[in-house]
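Shown next, in structure tokens, is the structure this report addresses.
Derivation of every value follows stated rules applied to the coordinates shown; laboratory data play no part. Bear in mind that the values here come from a model prediction, so they are computed numbers and not experimental data. Every residue, glycine among them, receives a Cβ derived from its backbone with ideal geometry; neighbour counts consider all protein chains shown.
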Amino acid sequence: MKRLNLGINTICAHVGEVEDTQFKGAISPLFMATSYSYDGMDTKRYPRCFNSPNQEALAKKVAALENCEAAMIFGSGMAAISHALLGLLQQGDHVVFPETMYGGAYNFIVKEFPKYGIEFSFTQGFSKEHFRSEIKANTKLIYLETPSNPLMKITDLEMIAHLAKEHDCITMIDNTFASPINQNPTDFGIDIVMHSATKYMGGHSDISAGTISGSQVHMDQIWSTSINLGGHLSDYTVWLLERSMKTMALRVKRQSKNAKKIAKWLEKHEQVAKVYYPGLKSHPDYAIAKKQMKGFGGMLSFELKEGLDSIAFMRALHLVKYSLSLAGVESTILSPAETSHFLLGPEERKKQGISDGLLRFSSGIEEKEDIIADLEQAFASL
């Protein structure tokens, strides 16, 4: 599906609105009903079926932003991931996952897939051959996460799409870190796009949600399983999410600009050992990121030099919040080993290159000079 002939801010602001036919209000009215008439109606509406007025409208906005035919809204990013995978897979299928990925998704795979008889394997890198070597006769799906959490590794989307077509596989990506503003995977041949809408779509650290978008055929397949699992989002939160998404492009562009400036500053800092940000020319995947991303995103990670206390550094910050999650209008920082990737355990984290000293930084919309000043005073405290 081609993007609507509208600019990105116009899509964010206007597509997927519910028309207020009664009072002509400027925003979408909120429909909180859990009971709708079905007499003579083509659609039998029920929130668990993902077809309430507000859910249907917001799904159109998400689909338009990702150049897809259809979309669904879920109660969290993990609900979106689990519903999509369980809807597309069955006993005996095999899935290829990337070497590093979000810890919650990894935990779901290793703990739940065996119960369903679904096979899986993880690559040992991100090249075409790394993915090809894991494909089997029963491989049904290739899963991607780019930029990856938390090491910001980049996978060539076009390359994976071609590889998947060679082996008749579905492709699915976690596009959360990039957001639809910076990356549209379907433009490169990827089938299904997932977002933790808790992050950039919500953008204010007050909404938990997830989205899946793709072709109508794939979405129908996911829907037929999802109505049995009950992971829909409440209509009030759907309404709040639509409101938040109106400013998403403005927020994300500012966050991306700040992150690039901060990454360049950190890269030169004497107390920093390494910076992970795809917008740096020193990043090994810079060329791929530049090819498939419109902006490099608001996320980066960095490691302090040996001997420096990363926890003390975070506690010394005043403006930047030592906090869970990411992508809010406020800058935040955390230790993946303590939070997002805690469930992996020390051995698996070490295998994936996630050290205890690694810090993940989410750039907010503050003045970049204020963020850098706060980071500098925290470095000085060490």
Subject >> Neighbour-count order for HIS318, HIS167, HIS94, fewest beta carbons within 10 angstrom listed first >> reply: HIS318, HIS167, HIS94
**OP:** Determine the principal axes of the Cα atoms in the range 250-381, then give the extent along each, sorted from largest to smallest and rounded to whole angstroms.
**Re:** 35, 32, 27
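Of LYS140/LYS253; LYS24/LYS61; LYS60/LYS260, which pairs sit farther than 25 Å apart, going by alpha carbon to alpha carbon?
LYS140/LYS253; LYS60/LYS260
Any idea what the alpha-carbon Rg over 2.2 N^0.38 Å comes to for the chain?
Details: Rg = 20.7 Å, N = 382, 2.2 N^0.38 = 21.1 Å.
Normalised by 2.2 N^0.38 Å, the Cα Rg of the chain equals 0.98.
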Original post:
Going by how many other Cβ atoms sit within 10 Å of their own, how do TYR102, TYR286, TYR236 line up, fewest first?
Top reply: TYR236, TYR286, TYR102
Subject >> the range 100-114-the range 45-62 distance, computed between alpha-carbon centres (Å) >> reply: 28 Å
Subject >> the range 250-381, relative contact order [Cα under 8 Å, separation at least 6], % >> reply: 29 percent
Original post:
What percent does the relative contact order of the chain come to when contacts are Cα pairs within less than 8 Å and at least six residues apart?
Top reply: 18 percent
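Remind me, relative contact order of the range 53-134 in percent, using alpha carbon pairs under 8 angstrom and six or more residues apart?
On the way: 72 pairs, mean separation 20.4, N = 82.
Reported as a whole number, the value is 25 percent.
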**OP:** Using the Karplus curve 6.51 cos²θ - 1.76 cosθ + 1.60 with θ = phi - 60°, work out ³J(HN,Hα) for each residue of the range 21-32 in order, rounded to whole Hz, and write x for Gly and Pro.
**Re:** 6, 7, 10, 6, x, 7, 10, 5, x, 9, 9, 9
Original post:
How do 303-314, 19-30, 76-87 rank on mean C-beta neighbours within 10 Å, highest first?
Top reply: 76-87, 303-314, 19-30
**OP:** Mind sorting THR186, THR211 by how few other Cβ atoms lie within 10 Å of their own Cβ, fewest first?
**Re:** THR186, THR211
Original post:
Any idea how far the Cα center of the range 3-31 sits from the one of the range 162-227, in Å?
Top reply: 22 Å
